[in-house]
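Student: Take a look at the following structure, please.
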Amino acid sequence: MTAVNLGMPAPPPPVLAPRRKTRQIGVGKVGVGSESPVSVQSMTTTPTTDINATLQQIAELTASGCDIVRVACPTADDAAALPIIAGKSQIPVIADIHFQPKYVFAAIDAGCAGVRVNPGNIRKFDDQVREISKAAAEAGVSIRIGVNAGSLDKRLMEKYGKATPEALVESALWEASLFEEHGFYDFKISVKHHDPVIMVRAYELLAERGDWPLHLGVTEAGPAFQGTIKSATAFGHLLAEGIGDTIRVSLSAPPAEEVKVGNQILESLNLKPRKLEIVSCPSCGRAQVDVYTLADEVTAGLEGMEVPLRVAVMGCVVNGPGEARDADLGVASGNGKGQIFVKGEVIKTVPESEIVETLIAEANRIAEDAENGSDGASGTVSGPPEVVIG
């Protein structure tokens, strides 16, 4: 019997639905559209005029896994800071423009990768589309048409009475038609609302009307807990339908938290390669150890790990051994002890007081082995699947 390595790549992880086909645009070096991975965005909270603080926050966002960053540009002083910020940022910068159309041109001239325009509150915006299209096309800058429930054109508010899904979509369709009328197609669209139900329906309606790439967002989603739930609910629904090409989780929290939530949503749907995943039980009357503390301490101890790793922290003998055996690394706890599993095999039993340090040590060993190209369980070199021919 000879083992023949066919060099076959592993199949991609399953997703709930194929991506909706869209046109492809670029935001600097990041592709946006159905031919590119769904990207994660956030927005700086520092004054844009404080260039050092803004660049520092962009660096933190980049380290958290942010793909594209947006900065506010409400004044001439902010516009003056854009060339340095756009030039030194490690990820593409989008300038966020409201009220003053002149700052759209300033952002394009500053070398920003993209500009977000809000048609509902930029003075005489429709009259500026020809010039904006020309300037953006010549500079290779993409546009986001950002329709927002809180700043919808007053004519649409009078027509619909409030920011309904239909009102949001009508605004987006009108502005998209203006850009396309002037031969500009490098834009994506967002139709944001604070209510996930209205937001989801608006994106579904918009997705039926054209092949534009769509930027997903629940605007003013709220504090971290509430905003995470609302965003995960809305994004999960749409992304499960294949709708959405870039996302921003809006939280009343540090922007790096937005990025972490956004990446976790994508990882949970297999739209982004999974990194560290903690599988832990909710605890119950069967638990014989403090699962809450164990899970928290293991999560904290492995923070920042980039190697894909599933770690199971289980508190009893009912589901514990099965979950621990199915993970890359796991513990099944009971009677003050923990059985440590690596790649499905029990490697040792340790006292409860040593579970956390043992899991962290084994996780780091597995990560090191993975980076060196070997199997964490056996120490042998891992590779593509083998087919045995007899």
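The values are calculated or read from the model by the stated rules, or taken from the named source; none is laboratory data. Just so it is clear, the structure is predicted and the values come from calculations on it, not from any experiment. Glycine gets a Cβ as well: all are built from the backbone with ideal geometry, and neighbour counts include every protein chain shown. Areas reflect the complete protein model, heavy atoms only, side chains present, ligands, DNA and RNA absent. Shrake-Rupley method; radii C 1.70, N 1.55, O 1.52, S 1.80 Å.
Student: Please list 3J(HN,Hα) in residue order for region 340-353, calculated via the Karplus relation 6.51 cos²θ - 1.76 cosθ + 1.60 where θ = phi - 60°; whole Hz, with x for glycine and proline.
Tutor: 3J(HN,Hα) across region 340-353, in whole Hz: 9, 10, 10, 6, x, 10, 6, 9, 5, 10, 10, x, 3, 5.
Student: Which lysines, on any chain, are close to residue 124 with Cα under 29 Å apart, when same-chain ones fewer than 8 places away are left out?
Tutor: Straight-distance partners of residue 124: 102, 134, 154, 159, 162, 188, 192.
Student: Say we join alpha carbon atoms closer than 10 Å with springs in a Gaussian network model of the chain; which of 321, 37, 12 then has the biggest fluctuation?
Tutor: Looking only at 321, 37, 12, the largest GNM fluctuation is found for 12.
Student: Now a separate question. For helix 125-139, what angle does its Cα long axis make with the longest principal axis of the chain, in degrees from 0 to 90 and rounded to 10?
Tutor: Orientation of helix 125-139: about 60 degrees from the principal axis.
Student: Could you put 354, 345 in order of accessible surface area, largest first, with the 1.4 Å probe and the full protein assembly present?
Tutor: Order by accessible area, largest first: 345, 354.
Student: In whole Hz, with x marking every Gly and Pro, tabulate ³J(HN,Hα) for region 102-113 from phi via Karplus 6.51 cos²θ - 1.76 cosθ + 1.60, θ = phi - 60°.
Tutor: 5, 6, 4, 5, 5, 5, 5, 5, 6, x, 5, 6
Student: Apply the a/c threshold of 1.5 to the C-alpha gyration tensor of the chain and tell me whether it is rounded, prolate or oblate. Spell out each step's value before the answer.
Tutor: Numbers: a/c = 2.14, a/b = 2.01, b/c = 1.07.
Since a/c reaches 1.5 and a/b is larger than b/c, the shape of the chain is classed as prolate.
Student: If we restrict to alpha carbons, what Rg and Dmax does region 1-116 come to, in Å?
Tutor: Cα radius of gyration and Dmax of region 1-116 are 19.0, 74 Å respectively.
Student: Reachable lysines from residue 275, Cα under 24 Å, same-chain residues fewer than 8 places away excluded?
Tutor: Within the straight-line limit of under 24 Å, residue 275 reaches these lysines: 29, 230, 260, 343.
Student: From the mean inverse distance of alpha carbon pairs (Kirkwood) and the Cα radius of gyration, derive Rg over Rh for region 100-202.
Tutor: Rg/Rh for region 100-202 comes to 0.98.
Student: Compare 35, 362 by solvent-accessible area with a 1.4 Å probe and give them largest first, with all protein chains kept in place.
Tutor: 35, 362
Student: Separate question: What Kirkwood Rh does region 45-108 have if only Cα atoms enter the pairwise 1/r average? Answer in Å.
Tutor: When all Cα pairs of region 45-108 are included, the Kirkwood radius is 11.6 Å.
Student: Taking the DSSP beta bridges in region 4-108 as the whole, what percent of them are antiparallel, to the nearest 5?
Tutor: For region 4-108, the DSSP antiparallel bridge percentage is about 30.
Student: Output the antiparallel fraction of DSSP beta bridges having both residues in the chain, as a percent to the nearest 5.
Tutor: About 35 percent, rounded to the nearest 5.
Student: At most 16 other Cβ atoms within 10 Å and a DSSP loop assignment: could you name the trypsin sites (Lys or Arg not before Pro) in region 67-133 that fit?
Tutor: Values: sites: 70, 88, 102, 116, 123, 124, 130; in loops: 123, 124.
Filter output for region 67-133: 123, 124.
Student: Pop out the ³J(HN,Hα) list for region 185-202 in order, Karplus 6.51 cos²θ - 1.76 cosθ + 1.60 with θ = phi - 60°, rounded to Hz; leave Gly and Pro as x.
Tutor: 10, 8, 9, 10, 10, 10, 10, 8, 8, 6, 8, x, 5, 5, 4, 4, 5, 4
Student: I would also like to ask the following. Under the rule a/c < 1.5 gives rounded, and otherwise a/b versus b/c splits prolate from oblate, where does region 293-341 land using the Cα gyration tensor?
Tutor: oblate
Student: Among the lysines, which have Cα under 27 Å from the Cα of residue 337 when same-chain residues fewer than 8 positions away are ignored?
Tutor: 348
Student: So for the pair residue 343, residue 138, with labels modelled 7 Å out along Cα→Cβ, what separation do we get in nm?
Tutor: Result: 6.1 nm between the two label points.
Student: Can I ask one more? Which length gain, in nm to one decimal place, applies between residue 124 and residue 365 when the Cα-Cα distance is subtracted from 0.36 nm times their residue separation?
Tutor: Numbers: separation 241, 0.36 × 241 = 86.76 nm, distance 6.07 nm.
Answer, rounded to one decimal: 80.7 nm.
Student: Rounded to a whole number, what is D in µm²/s for region 73-143 from Stokes-Einstein with the Kirkwood radius over alpha-carbon pairs (4 °C, 1.567 mPa s)?
Tutor: Diffusion coefficient, whole number: 109 µm²/s.
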